[in-house]
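One structure is given below, encoded as structure tokens.
The values are calculated or read from the model by the stated rules, or taken from the named source; none is laboratory data. This one's a predicted model, so the numbers in the text were calculated from it and none came from an experiment. Please note: Cβ atoms are built from the backbone with ideal geometry, for glycine as well, and neighbour counts cover all protein chains shown. Note: accessible area is taken over every heavy atom of the protein model, side chains too, but ligands, DNA and RNA are not part of it. Shrake-Rupley method; radii C 1.70, N 1.55, O 1.52, S 1.80 Å.
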Amino acid sequence: MAKQQRKSKGTSDAPALGFVGSMRWIWTQLTSMPTALFLLLLLAVAAVPGSIFPQRDANPESVAQYLEQHTTAGLWLDRFQMFDVYSSVWFSAIYILLFISLIGCILPRVKKHAKALRTPPPRTPARLDRLPQYSTHEILEGEADTPDDQQVIDDAFRILKKRGYRVERREDATGASVAAERGYTREIGNLLFHISLVGVLASAAIGGSLGYDGQRVVVEGETFVNSLVAYDSFTPGTNFNADNLPGYAVTLDKFDIVFDRESESHFGQPLDFTAHVQVRESADAEPVKQELKVNHPLRIKGAGVYLVGNGYAPVITVKDGNGNVAYSGPAVSIPQDSVYTSMFVLKVPDAEPSQLGFQGFLLPTALVDENGFGISGDPNAINPQLHLNSYFGDLGLDDGNPQNVFVLDTDKMEPLNSRDLDAGGIILEAGQTYELPDGKGSITFDDLKRYVALDVNHDPGKLPIGISSALALIGLSISLFTPRRRVWVKLKNEDGKRRIEYALLARGEDPRLEREAAELQKIFDKAWPLASQEQNQGAVNG
């Protein structure tokens, strides 16, 4: 009875889709163009947290500091992988779905366009005068050069084919005609654009998976060997294998800077940086002298070595309270201004009986201002001085927490030297030694060298991304500037008179269709002797 009532109301039970039907429906939704556009927008939105929160692969120290300062919020953010955005499950899922969606959109269109390329132009309409661009010509009879019917059709065929149309002769009850169509490359350009977009996504995935990026500071006279332990910081791809690092070495012989000495407004500003290096591509290879400049990197075995920074590295010797050498070598300082006033931090964890720490400034050309403070008057090392405070105690390196090498944590340390203490601060010129108070040891300023900061980048997806991007621009240009047009030319015999009709139709917007009609009119006028002409431009189809 209930079933009869439903039928009487004009309703019926819809059949269940089933598993196969459900999967087909999901695939149809996923591979639609609106879904692809939505996923592309969603991917851009999903990348935003990567620029808001510190990322563990790029700066683990900042992540540790954020977790320490935001105990509750940091814990929840870490659970949702906000500190590993670009390798997170949800970001990868969006990326893969977008990849699949684009491929699913492209394949049916490729199949459809391949079929369209083999399909002849559409049939000739019965009423050409209803098309937007329409003209009719009556052929002048009785002249010596008057063409016959076959010649008219052959001429129209030849003219349209020469202008890039795909043409076909037709014969029906109303007379002979020629159908022509051009602009198939428009869809080819559109497909090329979308295929190239897939190429960009795939190349970016390859680069992020197999590439790496590392940083290393090299002091004059030092050699950087391309191995994992030689980097100061290293960011590998998700599937990077350290065994694949190519073995090469770069030795910094000398670093030169040219400063502006003539311009009053820009006096002292650097004009040119040149690192003179020796490159050895393998252990058995001979060293090759090369120059490394800003925006002119070294290319070594698929990797780019970039010059991204420079500064001074004072050569320091520190002896502890037992008289043993606890540290000896260059210590990198960080420039703070245009005259290379540089922040200096040195941690000496091997000192006995107490660990030592130093912080202060390096002045390449030390001067004294009107307030009695030391300043640097020139970026060149004319009169270098170290102005330092010293500390003893626990550096906090034994608890395993990462620390910034350019920041000295003095929470568990006691001051030895500073302006506020009777011992005062430490002022050292090159070659001088200072004995620390309370027999804690000594520090010697042995020499001053320059250093360069190198960024080593290997991205196997960079070249494919460049090629795919270029192809995408080419495809987009083709799809935007290639018109899709159709032309029909028909020959009619009525009341002993022969008349030629032709009309043009654009598939989509084509502001140059009227110009094309005018060009064809000129060509047809030259091809056939015409008795009269009628033209109807802008007729409404239907």
Check your understanding: Where the only charges are on Cβ atoms (+1 Lys, Arg; -1 Asp, Glu), what is the dipole of the range 87-224 about its Cα centre, to the nearest 20 debye?
Key -> 720
Check your understanding: At a 1.4 Å probe, what is the % contribution of carbon and sulfur to the accessible area of the chain?
Key -> 55
Practice item. Return the lysines within reach of Lys526: Cα separation strictly under 24 angstrom, same-chain partners fewer than 8 residues apart disregarded; answer none if there are no such residues. Key: Lys161, Lys162, Lys490, Lys492, Lys497
Check your understanding: Can you tell which of Leu77, Pro314, Gly183 lies farthest toward the positive end of the dipole of the chain, using +1 and -1 charges on the Cβ of basic and acidic side chains (Lys, Arg; Asp, Glu)?
Key -> Gly183
Check your understanding: Against the longest principal axis of the chain, how steep is helix 33-46, in degrees 0 to 90 to the nearest 10, with axes from Cα atoms?
Key -> 10
Practice item. Kindly rank 221-228, 457-464 from highest to lowest mean number of other beta carbons found within 10 Å of each residue. Key: 457-464, 221-228
**Study point:** Solvent-accessible area per residue, Å², over the range 218-261 with all protein chains present [probe radius 1.4 Å]
**Key:** 50
Point to revise | 1.4 Å probe accessible area per residue over the range 61-216, in Å² | key: 53
Practice item. Calculate how steeply helix 89-118 sits against the longest principal axis of the alpha-carbon atoms of the chain, using the helix alpha-carbon long axis, and give the answer as 0 to 90 degrees to the nearest 10. Key: 30
Check your understanding: So what's the angle, to the nearest 10 degrees on a 0 to 90 scale, between helix 513-527 and the longest Cα principal axis of the chain?
Key -> 50
**Study point:** Within the chain, percent of DSSP bridges classed antiparallel, to nearest 5
**Key:** 100
Revision key, fill the gap. If every Lys and Arg gets +1 and every Asp and Glu gets -1 at its Cβ, then about the Cα centre the range 184-310 yields a dipole, in debye to the nearest 20, of 440
Point to revise | Per residue solvent-accessible surface (Å²) - the range 393-518, probe of 1.4 Å | key: 54
**Study point:** Which label in (1) 182; (2) 335; (3) 127 gives the computed volume of the Cα convex hull per residue in Å³
**Key:** (2)
Point to revise | Separation between Cα centres of the range 295-332 and the range 58-83, rounded to whole Å | key: 31
Review point. In terms of Cα to Cα distance under 25 Å, which lysines are near enough to Lys347, apart from those fewer than 8 places away along the same chain?
Key: Lys319, Lys412, Lys440, Lys449
Point to revise | Anisotropy class of the range 394-495 from Cα gyration tensor, a/c 1.5 cut | key: prolate
**Study point:** Mean separation of Cα contacts under 8 Å (6+ apart) over length of the chain, as relative contact order %
**Key:** 20
Study note, to complete from the structure: Ranked output for segments 479-492, 414-427 by mean other Cβ atoms within 10 Å, highest leading, reads 479-492, 414-427
Point to revise | Cβ-based charge dipole, the chain, positive-most Cα from Tyr327, Asn383, Pro121 | key: Pro121
Check your understanding: Dipole of the chain, Cα-centred, from +1 at each Lys and Arg C-beta and -1 at each Asp and Glu C-beta, to the nearest 20 debye?
Key -> 5060
Study note, to complete from the structure: Shape call for the range 60-108, from the Cα gyration tensor axes a ≥ b ≥ c (a/c under 1.5 means rounded, otherwise prolate when a/b beats b/c, else oblate), comes out prolate
Revision key, fill the gap. Long-range amide H partners of Ala326, meaning residues 5 or more apart or on another chain whose placed amide H is closer than 5 Å, are Val318, Lys319, Asp320
